[in-house]
Amino acid sequence: MLAMFGYGFMVNALLAGGVVAATSALVGFMLVLRGQSFAGHALSHVGFTGATGAVLLGLPPLGGLVGASLLAGLLMGLLGERTARRDVAIGLVLATALGLGLLFLHFFTAYASQATALLFGNIFGIDRQTFWMLLLVCLCSAGGLALIGRPLLFASLHPELAEARGVSPRLFGTLFLLVVGLATAGCAQVVGVLLVFSLMVGPAAAALRVCATPRRALCVAVLFGVAQAWGGIVLAWFTDWPASFWITSLSAATFLLSCLPWRRWRASRPADLLPAR
Amino acid sequence: MTVAAPFSSASARPAEAVSGAAVPVATPAPAVMLDRLCLRLGGRTVLSDVSLRFDRDEFVGVLGPNGAGKTTLFRAILGLVKPAAGGIEVFGRPARRGQPSIGYMPQLRVLPAANLSGRATVASGLDGARWGVRWRDRGARAEVDRVLELVGAEALADRRLHEMSGGERQRLLLAQALLGQPSLLLLDEPLISLDPSRQDGVVALVRRLQRDLRLCVLFSAHELNPLLGAMDRVLYLGGGHAALGTVAEVVTGPSLSRLYGSPIDVVRLGERIFVMSGSREVGIDPHGPCAPGPGMPGSGSPDPRPAATGAAAARPR
C-alpha cells in the first residue's frame, strides 16, 4: 500500500488531485448555488478547443486551456447573466467548441493520445513542473473567489437587492466566470474536459444537500472533493482502471448518498405568519 | 403628521412642487421628494411630471394597475432608474444607488439557493457590498438575530428555504430589508400570492414595524382593501399620473376619474371599498397585465396626456 508513495508520478497525482479537487469544490459551490453548473461544463469544452489549438501551435496545452477558458468566461459574463444561464446558447457554444477542437486535432495528427488525455484526463502524466503550474492556477482561482466572495453570494441570492445596494450582479457574474474558467482549466488536467462536472459540481451539490449554511457547505464540499480525487487515484493504483472513471463514480455515489434523508425530518411547523391576536 | 399633505393630483397642479421645495430649512427633509419627475421605461412614459413628498414616519399604500409604474417608481427612488426629467431626493439628497437608508423588498420570486437556511439567506445581505469573505463575526450574528426577531421569524433561522411557505420566505425578505436600520422601506407587492388571512397578517406586521421604528413605508399593492386600516395615506398611480392623499381624499369617484381620465365609481360596502371602472373592478385585473378596464388610458397607451392639460381633461374614446 505504502509502496505507491515511492513513485514520483503517484505523489504528483495525489498532490495535483488534492489541490484541484479542493479548488473545484469551492468554485463549484457557487456554481451550484447560482444554478450555473451547465455554464461551467461548457467552459471546460471551450478549454478543450484552446488546448488543442495550443498544441497545434506548438504551445503547452495547459496555457491554451487556461487562456480559452478565461476568454470564454469573460465573454459569457459580458453577454449577461441571463445568457450565461440559457441552456440553448450554452449548448451551442459547447458543441461548436468541441467541433473546433476536433478540427485542430485533425490538423495535428501526431498525437492521438493527446485527445484522449484532454478529454478524459491523464492524472498520472502530471510531472512536477505541471503540478506547480496547476498550483498557481488553483491559487489564483481560489484567491479570486475569496476576494469576490461576499458580493457574489449577495448578488447570487438577491440580485435586485444587490443592485439596489450598489453591487452590480453583472460585474460579479463576470468576475466569477473568470474564476470558474481558471478552475475548469485545472480540473481538466485531472479528469479531462468531459468529466470536469464530477469534480466541480458533484461535491458541491452533495454538500449543499447536507449543509444549510455557506460556510459549512464549503468545508464539506472540499472534504468530498479531495476524498473523491484521492480515493479515485488510489483505486486506480490498485485496479489499474482509469482514475477518471473512479473519480466520476465516487462523485456520483457521494451525491446519491447525500440524497438520503440524513437530516431528521423536522415536523414542519404551522406556517403561521403572525401569532393570532 | 400628514396634515401638510393635502390631496395632490400632482400633475394637475405642478405649481405645488415649487411650494413643496420651499419648505423652511428647520424642518427635516422629507423621506422622499419627487420634483416634476418623469420616468420612462423602454420608450413608454411611466410617470410624467409628478411632484409629491413622503414624510418620515408614515405608511403609504401605493396602488394602481399593473404597468402603472409602482415598481419603476421604487427603482427610481433606489437610483436604479434614471429620471427622464425632474429629480428625486431621499432624505434631502439626490437618489443614488447603494443608499443605506433605504430598505428594499423586491417582488417575491423563486429563490435560487433553496437549500440554504433562513439565517444564511438573510445574512448574505448584511455586508454583501464589501469585498472579501466574512469570518466569524458576533456583531453580524446579532444584527441578523435582531431583524429576524423584529419580524417574528426566529423559528425560520435554521430551516431551509425549500421547507418554508411563501409567506415565511416573504417574512425573511422583510427581515432582510430591515438590515442596517433603514429609515425608508420600499415593499414591492408583498401581498401577491398570499391568501387573505395572511395578507392581513403581513399588513399588520408592517404597520407595527413602521410605528415602532418610525419608518417611512411605501407599500405597493394591487388591492386597496387589505391596506385600508393601516395606511396613513394612499398613492394612486395610473396613466402616467399620481394622486396622493388620505383614503377619504383620493379614493373618491371624482378624483380617481380625474386621475385615470375615465369615469370611475367608488363603491363603499361597510368597511370595504370597491373601485369600479364600468362593470370591472380596478386593480384586480383578471384580464392580463395591461388591462385596467375599458376606456381607461394608462398601461395600454404609450403616450399619456401632457400634464399641463390637467387630469380633468378626460379623453373621449
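Observations on the model:
- Qualifying helices (runs of 4 or more DSSP H) (wholly inside the stretch A:1-100; at least 1 residues being small (Gly, Ala, Ser) and more than 22 Å from A:Gly149 (Cβ to Cβ)): A:8-33, A:37-56, A:61-79
- Qualifying residues in the stretch A:121-162 (those that are aromatic (Phe, Trp, Tyr) and surrounded by fewer than 22 Cβ atoms within 10 Å (Cβ to Cβ)) - the one farthest from the other protein chains (Cβ to nearest Cβ): A:Phe124
- Residue in the stretch A:212-225 that is surrounded by 24 or more Cβ atoms within 10 Å (Cβ to Cβ), in a helix (DSSP H, G or I), on the phi < 0 side of the Ramachandran plot and touching a His at 6+ places or on another chain (Cβ under 7 Å) present: no
- Residues in the stretch A:8-35 that are free of Cβ contacts under 8 Å to residues at least 60 places away in the same chain and either in contact with a Cys (Cβ under 8 Å, 6 or more places away or on another chain) or within 14 Å of another protein chain (Cβ to nearest Cβ) (or both): A:Gly35 alone.
- Qualifying residue in the stretch B:243-255 (condition: surrounded by fewer than 23 Cβ atoms within 10 Å (Cβ to Cβ) and within 9 Å of chain A (Cβ to nearest Cβ)): no
- Given (1) within 12 Å of another protein chain (Cβ to nearest Cβ); (2) crowded, with 17+ Cβ neighbours inside 10 Å, index of the condition B:Leu218 fails: (1)
- Test: residue in the stretch A:121-136 that is within 18 Å of the chain's Cα centre (by Cα), farther than 23 Å from A:Phe9 by Cβ and either assigned to a helix (DSSP H, G or I) or of a type in the set (A, V, I, L, M, F, W, C) (or both): no
- Scanning the stretch B:123-144 for residues that are of a type outside the set (A, V, I, L, M, F, W, C) and buried (at least 16 other Cβ atoms within 10 Å of the Cβ) yields B:Ser124, B:Gly125, B:Asp127, B:Gly128, B:Arg134, B:Glu143.
- The condition (being under 13 Å from the mean Cα position of the chain (by Cα) and surrounded by 18 or more Cβ atoms within 10 Å (Cβ to Cβ)) is satisfied by just one residue among A:Gly181, A:Gly173: A:Gly181.
- Close pairs from the stretch A:85-99: first more than 23 Å from A:Arg34 (Cα to Cα), partner in a helix (DSSP H, G or I), Cβ under 6 Å, at least 6 apart: A:Ala97/A:His45; A:Ala97/A:Val46; A:Ala97/A:Thr49; A:Leu98/A:His45
- Exactly one residue out of A:Arg170, A:Arg86, A:Arg165 is of a type in the set (Lys, Arg) and within 11 Å of another protein chain (Cβ to nearest Cβ), and it is A:Arg165.
- Per-region count, the stretch B:153-187, residues under 21 Å from B:Arg211 (Cβ atoms) and crowded, with 18+ Cβ neighbours inside 10 Å: 15
Any read-out appearing in this document is the output of simple, stated calculations on the displayed coordinates, not a laboratory observation. The shown structure was predicted, so the numbers you read here are calculated from the model rather than taken from an experiment. In this analysis, Cβ positions are derived from the backbone assuming ideal geometry, glycine residues included, and neighbour counts consider all displayed protein chains.
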